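Read the structure below first, then the notes.
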Amino acid sequence: ADLVKQQRPDIFFLGDMGSSRDQIGRLRQRLEAELDDEWFLWTDISAPPGYPVGMGAVIHCSLAPYIRKVELPCPLEANREVWRRAVEGRLMQLEVSRPEFRIPWRFIGIYQHVAKRASRNLAEAELVRRTVDGILEQVKAETHHILLLGDVNAAPIGGRWGYSNRNLAVQQADLTTLEWVTAAGLTEVADEPLQATWRPNLMQKRAVLD
């Protein structure tokens, strides 16, 4: 809450909220109260069982008449239930249309799966990317601006420190994401020089993952 009050964003995405659907109501009430009801919280939380994967968007009340949540497109050939489990709590698509905007803006919050050797994790990460590809197709057809924000759990070239060269799973995740960004025609906005956005407790590893 202090960060939001200090920076005063119009939209602030939250990833890995760690709150279940049963708990999110109390969290929302507490957060909005701490923000003096000047911002409100929209969420998408995965269904039980299992760890509650969740995303949120803290939105300034001035946007309330102009913002809406847009349904995510399921890839045509994907099993819908498998796709739902892969993207639930990991993507949020918001559209902002204001009178002064010539064309609307789409803001996509992303919280990508962690790079692991497990084939399921790799397949689910691919479904997240394919869903974003579907969003990009929609946006291009409807002539919207688009901005992706969040945690892609992959680093740009030179964006990891303290990692072993034998960590092939991480290297592959970085390469796959870089190739996807290039193929999708996206442009990454990065700090120069690169600055780590993630560091585990009591470890020397650092990475640019956001």
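The values are calculated or read from the model by the stated rules, or taken from the named source; none is laboratory data. Small disclaimer: the values here were computed from a predicted structure and weren't measured. We place every Cβ from the backbone using ideal geometry, glycine too, and count neighbours over all the protein chains shown. Remember, those area values only see protein heavy atoms, side chains included, never the ligands or the DNA or RNA. Shrake-Rupley method; radii C 1.70, N 1.55, O 1.52, S 1.80 Å.
Descriptive notes on the structure:
- Inter-probe distance in nm under a simple model that places probes 7 Å from Cα toward Cβ, at ASP37 and LYS5: 1.7 nm
- Surface accessible to a 1.4 Å probe, per residue, for the residues of the chain, Å²: 60 Å²
- Taking all protein chains together and a 1.4 Å probe, the residues MET92, MET17 rank MET17, MET92 from largest to smallest accessible area.
- Positive minus negative residues near LEU31 (Lys, Arg vs Asp, Glu; Cβ under 12 Å): -2
- DSSP beta bridge pairing in the chain, given as percent antiparallel to the nearest 5: 75 percent
- Approximate spin-label separation ARG68-ARG84, in nm, with each point projected 7 Å along Cα-to-Cβ: 2.3 nm
- Charge dipole (the chain, unit charges on Cβ, about Cα centre) - positive-most of VAL58, LEU127, GLN204: GLN204
- Descending semi-axes in Å of the range 58-130, equivalent ellipsoid built from Cα gyration tensor: 30, 13, 10
- Each Lys and Arg adds +1 at its Cβ and each Asp and Glu adds -1 at its Cβ; summed about the Cα centre, the range 116-168 shows a dipole of about 420 debye.
- Distance distribution note for the range 39-91: the fraction of Cα pairs above 16 angstrom is 51%.
- Once the C-beta distance of ALA169 and PHE101 is scaled by a Förster radius of 45 Å, the resulting FRET efficiency is 0.60 to the nearest 0.05.
- Rolling a 1.4 Å probe across all protein chains gives LEU178 an accessible area of roughly 80 Å².
- Kyte-Doolittle at least -0.5, axis length at least 30 Å by Cα - qualifying DSSP helices, the chain: 119-142
- Positive-end ranking of LEU94, ILE67, ILE110 along the dipole of the chain, with charges on Cβ about the Cα centre, is headed by ILE110.
- Highest mobility in the GNM of the chain, judged by mean-square fluctuation with C-alpha springs under 10 Å and restricted to GLU38, GLU126, GLU81, is found for GLU81.
- The magnitude of the dipole of the chain, with charges of +1 and -1 set on the Cβ of Lys/Arg and Asp/Glu and taken from the Cα centre, is near 600 debye.
- On full extension, the segment bounded by CYS61 and GLN204 gains 47.4 nm, given 0.36 nm per residue less the C-alpha separation.
- Counted charge near GLU81, where neighbours are those whose Cβ lies closer than 15 Å (Asp, Glu -1; Lys, Arg +1): +1
- Mean projected area (nm²) of the alpha-carbon convex hull when the chain is viewed from all directions: 13.4 nm²
- Computed over protein heavy atoms with a 1.4 Å probe, the carbon and sulfur contribution to the accessible area of the chain reaches 52%.
- Residue among GLU124, GLU179, GLU77 with the largest mean-square fluctuation in a Gaussian network model of the chain, springs linking Cα atoms under 10 Å: GLU77
- Note on the chain: dipole from Cβ charges, positive end direction compared against LEU186, ALA78, GLN138; the farthest Cα belongs to ALA78.
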